Amino acid sequence: MHQLTLAEIARGLADKKFSSEELTKVLLARIAQLDPQLNSFISLTEDLALQQAKAADARRANGESGALLGAPIAHKDLFCTQGIRTSCGSKMLDNFKAPYNATVVAKLAAAGAVTLGKTNMDEFAMGSANESSYYGAVKNPWNLEYVPGGSSGGSAAAVAARLLPAATGTDTGGSIRQPAALTNLTGLKPTYGRVSRWGMIAYASSLDQGGPLARTAEDCAILLQGMAGFDPQDSTSIDEPVPDYSAGLNGSLQGLRIGVPKEYFSAGLDPRIADLVMASVEELKKLGAVVKEISLPNMQHAIPAYYVIAPAEASSNLSRFDGVRFGYRCADPKNLEDLYKRSRGEGFGPEVQRRIMVGAYALSAGYYDAYYLKAQKIRRLIKNDFMAAFNEVDIILGPTTPNPAWKLGAKNSDPVAEYLEDVYTITANLAGLPGLSMPAGFVDGLPVGVQLLAPYFQEGRLLNVAHKYQQNTDWHTRTPTGF
Ligand code: GLN
């Protein structure tokens, strides 16, 4: 039963082959048995899950239907869940039980999804390896000595190991697409403003976006349908109709114009990944697509710009964790300053502290123009590059990451080496564009992802292309040994 996709689960529940309660029990037992190897969950919510599963079964018995009604999922542990610990992977929030549900959590619960638990993540979503979590590193099910990617590494590892069919993630600079690539999943970062950020603990507010992680594009369509939509509680949410993503999966790719940026194939890219990317292009050509080389001339500036903007916003967002209002407070503070210093010094891990320092520095008087303002200008140039490219092509295709997964600990002493892994993903966040990563082959037994980018609000196009590709390839069906 654990092999079923969301789409298959929906059919099985509709045909009364099994109940949501039965399925939920099977998956909870599987998590108990296998997750100790992976560490993909921070909290399990067994009681809530069984209660939601029974309620979904009752709704089905009353004639209700829906692709998510009774479907087991999990949430990255930065989506607020009422009465349940919402830790953001940090000691700072280890004792924080959210007083309300994030919009995404509330919407999925209303659609009948069953929450099995909260997944592990890099602390405050800062990282590309899921090693900065207060709750310990997550292991990649394809090789337990390797990282699963981050920051949504718990969601990715759990879905890849067939502990559950799909999970939510968030993507500020690649945190859905990069772990999807490293664990052989399909992951989608929607257009900025497509999915509500209300109740999603902020890292860098102008870049953060929630989205689905699943094995197939078909399942990403189902989960995104439950997440997307205007939310008056989020001032950056956009009031744009949500199309029927599942209905759009089978559009023809005849004449689809694919742009492949020449800058993507630089020295930093593993040549074996480059070959797999070109193989995916050949596959799409067979389906009728036409391919064109394009240029994104400002791409080389993306990492420096991102690693100024994201820490700057983080330093501001994380100022609320001060030992007074939320979360961790140090023992026996001598005075107010000591309370602030030690609560933050003890509550935040080293990567979070590094980002706060960098961000505060970049925003400080005298350096603002040199760093933050300049980074914002680069951000506009990157957006302009994309706008020009989308005048010529319908979709941009390239690698999701320059390398496959790396060994746990391999980049711990060199944060910049880890930042460089984000080179292909962060531009979509800087521009606010939707992006998807899909399985496209293996290098040394480790999965490789191909990234597709589309114009604003064209999530449906990304899902359509990925679905067609998946109907003609079997990379996404490969299962890690032992799971
Ligand atoms: N790796 C990037 C960072 O550390 C992106 C993380 C994310 O998307 N949340 O900032």
Which residue, of Lys292, Lys334, is surrounded by fewer than 16 Cβ atoms within 10 Å (Cβ to Cβ), out of contact with any Pro (no Cβ under 6 Å at 6 or more places or on another chain) and without any contact (Cβ under 8 Å) to a residue 24 or more places away in the chain? Lys334
Only one residue in Gly169, Gly173 is part of a strand (DSSP E or B), within 13 Å of the ligand (Cβ to nearest atom) and either surrounded by fewer than 24 Cβ atoms within 10 Å (Cβ to Cβ) or modelled with pLDDT of 95 or more (or both), so which one is that? Gly169
Look at Gly70 and say whether it is in a loop (DSSP other than H, G, I, E, B), touching a residue at least 40 places away in the same chain (Cβ under 8 Å), touching an Asp or Glu at 6+ places or on another chain (Cβ under 7 Å) and under 17 Å from Gly154 (Cβ atoms). no
Please indicate, with yes or no, whether at least one residue in the range 271-280 is assigned to a loop (DSSP other than H, G, I, E, B) and either farther than 30 Å from Gly349 by Cβ or modelled with pLDDT under 95 (or both). no
In the range 134-149, which residues are closer than 14 Å to Ser175 by Cα and not β-branched (Val, Ile, Thr)? Pro148, Gly149
Inter-residue pairs, beta-carbon under 8 Å, first over 19 Å from Ser315 (Cα atoms) and more than 8 Å from the ligand (Cβ to nearest atom) and in the range 122-142, second among the basic types (Lys, Arg) and in a loop (DSSP other than H, G, I, E, B), 6+ apart: Ala129/Lys411
Any chance the range 378-388 includes a residue that's among the aromatic types (Phe, Trp, Tyr), in contact with a helix residue (DSSP H, G or I) (Cβ under 6 Å, 6 or more places away or on another chain) and part of a helix (DSSP H, G or I)? yes
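Every residue, every condition in (1) crowded, with 20+ Cβ neighbours inside 10 Å; (2) under 23 Å from Asp385 (Cα atoms); (3) modelled with pLDDT of 95 or more, yes or no:
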| site | (1), (2), (3) |
| --- | --- |
| Val443 | no, no, yes |
| Pro447 | yes, no, yes |
| Leu452 | yes, yes, yes |
| Phe457 | no, yes, yes |
| Leu462 | yes, yes, yes |
| Lys468 | yes, no, yes |
| Gln471 | no, no, yes |
| Asp474 | no, no, yes |
| Phe483 | no, no, yes |
From the residues in the range 405-430 that are of a type outside the set (S, T, N, Q) and away from the ligand (no atom under 16 Å from the Cβ), which one is surrounded by the most Cβ atoms within 10 Å (Cβ to Cβ)? Leu408
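The values are calculated or read from the model by the stated rules, or taken from the named source; none is laboratory data. Please read all numbers here as calculations on a predicted model, not as lab measurements. Reconstructed Cβ throughout: ideal geometry from the backbone, glycine too, with neighbour counts over all protein chains shown.
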